[in-house]
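Below is one structure, written out as structure tokens; the observations come after it.
The values are calculated or read from the model by the stated rules, or taken from the named source; none is laboratory data. Quick caveat, the model's predicted, so the values are computed rather than measured. Don't worry about glycine lacking a Cβ; one is built from the backbone with ideal geometry, like all the others, and counts go over all protein chains shown. When the accessible area is computed, the model is the full protein with side chains, heavy atoms only, and any ligands, DNA or RNA have been set aside. Shrake-Rupley method; radii C 1.70, N 1.55, O 1.52, S 1.80 Å.
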Amino acid sequence: MEEKNKLPSEFPLMEHFYTLQGEGYHTGRAAYFLRLGGCDVGCVWCDVKDSWDASKHPMVAIHQMVEWVKESGTEMAVITGGEPLMHQLDLLTQALKLAGIETNIETSGAHPLSGEWNWICVSPKKFKAPLPEVLAKADELKVVIFNKSDFDWAEKHAAMVPANCLLYLQPEWDQAEKVMPLIIEYVKQKPKWRISLQTHKYLQIP
């Protein structure tokens, strides 16, 4: 266990893999994903519920994770979860940057921001509200649309991010057939929004 006030040098790692970013602004870019264990947000439609209990996953040292990313040859690492901001990420991102790797995070924004980031994607969830100070740093706001009421909820959070933050609406995978026509029409009416698709699922890659 880390000493009190000492920054962690290892993290519970559910999985790690080299693939293409499937969602949002960086769709189609080669990226190494580091999926950290631990989440207290509790989305009912989460497709990685095995990540929720951090104690189920092995602790992996930062230097090992950086080595994996470097060996892949990619320029970009994506830190995801679970909810990665449950962990203090300063040392992890510093090590990645020293290795010349871009640092991207995918977070609900429900915990204080740590780490040094090239790109912050905030995907707010109704189950645990994002912190205003995290929304204020977002480069990308990605709202999952499960039903029609989610559009108003998306607008509420769009009003809390910087003016240059990119805005995305993404259909919940199992509801896509029902909500996609609504999203298309909404984006046509409000073109500040873009559509994000889970292209990795269409491509059948991780």
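For residue 184, the solvent-accessible surface with a 1.4 Å probe is about 80 Å², rounded to the nearest 10. In a simple Cβ point-charge model (Lys, Arg +1; Asp, Glu -1; nothing else charged), segment 1-119 has a dipole of about 80 debye relative to its Cα centre.
Each Cα pair under 8 Å and six or more residues apart adds its sequence gap; the mean of these over the residue count of segment 1-140 is a relative contact order of 22 percent. For the chain, the per residue solvent-accessible surface stands at 50 Å², with DNA, RNA and ligands left out and a 1.4 Å probe.
Using every pair of separate Cα atoms, the Kirkwood estimate puts the hydrodynamic radius of the chain at 17.4 angstrom. Here the accessible area is traced with a 1.4 Å probe on the protein chains. For segment 10-89, carbon and sulfur cover 50 percent of it. DSSP beta bridges fully contained in segment 59-206 are about 5 percent antiparallel. Between the C-alpha center of segment 79-116 and that of segment 143-200 there is a gap of 25 Å.
The accessible-area ordering, largest first, of the residues 29, 194, 35 stands as 194, 29, 35, per a 1.4 angstrom probe.
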